[in-house]
């Protein structure tokens, strides 16, 4: 297009040259507007609607956009469909820079436009794609239907048709200021309007009360009868594997200090547990690894599959829950370890410090490497003898641990109450 932009300077001085330039404008823009090639890239859930638009029912090929390109170097349209996270932002910008111009961007969905439901109380979501790359068309919705995407394509096509060699395409600008808190702004504006309205109506209200002191509004709120649905009894599922009382008796015989998390180790209580409710036992830090190794190697339990390692942040301690399952027998067991928080760390440093430590079970379950890294990343719990304890989801220089109750971040915008 760089060579073609020089055409008006050559042909305009020639008699009839302007008409020739106009004809070239029409043909070129018609071809570009009706053969937009989107990049095969979906940021989040709105991408489902984008994919649906290319299926037979909607047939995006009618608009010349059936050629979704796998390489940004062969695309000229970037449909940003869904939530953009901080981790994803550099890759998105890199893809945009690799698309040759003229190129266009469509922001599809509320999350892409402003952060949507993740705009408030969130540290990881970009509030607006136009803070990263120039955006030509915004399509609101959560998610927008394929028809809305087609409307956006037609809007973009009109924009392309308005471009000329005399006024050629140029890359738009990126907004360098934070996205405004429109909810708070609208709330304040509404309160101001209501205050003005009350002041204007104060005299009229007083006069009305003096003229009609016994007036009662005839309006009565219509109460809709609440429908009562019949209670559906719980249908117990067939027991898979060993019952809870059998598993607990095996544990208790070898580890007497282990107790159920609900503090009721009696036989009737264990027998009364629903068949689909795994036993949850509380173990000490010293016996944690030995108990798991025993349960994995004992042929009666044979808990050979690690489902997950997760944690809960309480006020004074963490609970780390290791979820195990026997592939052969089918029963499950949750092993809970209570870790007190380190009180020796100063209050001003606690939010960004490791507050607890526990042994790793990587040598028993290799998959624990990733699951323990997630707990380290989100809760700030150190796993001793872990082979590769580093950040998993956030950057290495990230401050704080996002799933802790003391977590704060300058990017978080508090939702107005």
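Below are the figures for this structure:
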item	result
For region 226-326, fraction of C-alpha pairs farther apart than 18 Å, in %	55
Two-site label geometry, residue 235 and residue 294: point separation in nm, points 7 Å out along Cα→Cβ	3.9
Cα-based Rg and Dmax for region 4-161, where Dmax is the largest Cα-Cα distance (Å)	17.6, 64
Over region 244-384: Kirkwood hydrodynamic radius from C-alpha pairwise inverse distances, Å	15.8
Degrees, to the nearest 10: 17-33 long Cα axis against longest axis of the chain	20
Nearest 10 degrees, 0 to 90: helix 368-379 Cα axis against the chain principal axis	70
In degrees, nearest ten, helix 146-161 long axis to first principal axis of the chain (Cα)	30
Ratio Rg/Rh, restricted to region 345-417 and using Cα atoms, in which Rh is the Kirkwood radius	1.04
Normalised contact order of region 244-384, rounded percent, pairs of Cα under 8 Å and 6 or more residues apart	20
Difference of contour (0.36 nm per residue) and Cα-Cα distance, residue 195 to residue 304	32.6 nm
Order by protection proxy (mean Cβ within 10 Å, highest first), peptides 79-92, 191-204, 98-111	98-111, 79-92, 191-204
For region 330-404 and region 53-86, distance of Cα centres in Å	40
Diffusion constant of the chain at 25 °C, which comes from Stokes-Einstein with the Kirkwood Cα-pair radius and 0.890 mPa s, µm²/s	88
Helix-only [θ]222 nm of the chain, DSSP H runs n ≥ 4, -39500 (n - 2.57) each, per residue, nearest 500	-9500 deg cm²/dmol
Whole-number percent relative contact order across the chain, with pairs defined as alpha carbons under 8 Å at least 6 apart	11
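Throughout, read-outs are computed from the coordinates displayed, never taken from laboratory work. Since we're looking at a predicted model, the values are computed, not measured. Virtual Cβ from ideal backbone geometry, glycine too; neighbours counted across all protein chains shown.
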